[in-house]
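Peer 1: Take a look at the following structure, please.
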Amino acid sequence: MNVAAGTVQQVEDVDGVRIQAEFSRFLKEFTDENGVRIYESAIAALVEPERNTLYVDMRHVHSYSATLYGTIELQFYKLYPYICEALQLAVIDSCTEDADRQRMHKKEVYVS
């Protein structure tokens, strides 16, 4: 590593990227007992300027994937940025207007 030249090699967090992909699938695929995708409308509502938090029931995560639940539970603080990034990408995917997509690239969203 050449510190004098100011080059720093970035290392990708493999676990973080994997959990981001799994959480993204959870947000898109999870259905309740009636077959309704309960997070779909909540994700679409995050486009509104005054909304920035999605409330996720961890029992839903556990019923979707015990592995995902356990990993988030054990490494929550490490994985939280990846979970929020998964949510932001899901919100951007749900946007129907280009102006909303552009705004969502700048907006921070959170998972609670």
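The values are calculated or read from the model by the stated rules, or taken from the named source; none is laboratory data. In this text, all values refer to a predicted model and were calculated from it rather than measured experimentally. A quick note on method: Cβ atoms are made from the backbone with ideal geometry, for glycine too, and the neighbour counts reach across all protein chains shown.
Peer 1: Looking at region 81-101, can you tell me whether even one residue there is at negative phi and touching a Gly at 6+ places or on another chain (Cβ under 8 Å)?
Peer 2: Within region 81-101, the subset at negative phi is 81-101.
Checking which are touching a Gly at 6+ places or on another chain (Cβ under 8 Å) leaves us with 81-82.
Looking for residues that are at negative phi and touching a Gly at 6+ places or on another chain (Cβ under 8 Å), one finds at least one in region 81-101, hence yes.
Peer 1: Among the residues of region 76-89, is any modelled with pLDDT of 95 or more and of a type in the set (G, A, S)?
Peer 2: Yes, because at least one residue in region 76-89 is modelled with pLDDT of 95 or more and of a type in the set (G, A, S).
Peer 1: Which ones in region 73-112 are touching a helix residue (DSSP H, G or I) at 6+ places or on another chain (Cβ under 6 Å) and aliphatic (A, V, I, L, M)?
Peer 2: L79, I83, A86, A90, V91, I92, M104, V109, V111
Peer 1: How about region 22-37: which of its residues are in a helix (DSSP H, G or I) and either of a type in the set (K, R) or surrounded by 13 or more Cβ atoms within 10 Å (Cβ to Cβ) (or both)?
Peer 2: E22, F23, S24, R25, F26, L27, K28
Peer 1: Let me ask something else about it. When only residues in region 57-104 that are under 16 Å from A45 (Cα atoms), without any contact (Cβ under 8 Å) to a residue 24 or more places away in the chain and not in a helix (DSSP H, G or I) count, which is nearest to the chain's Cα centre (by Cα)?
Peer 2: T96
Peer 1: Something else about it: Give region 5-19 a look and list any residue that's of a type in the set (D, E, K, R) and under 18 Å from F76 (Cβ atoms), or say none.
Peer 2: Result: D13, D15, R18.
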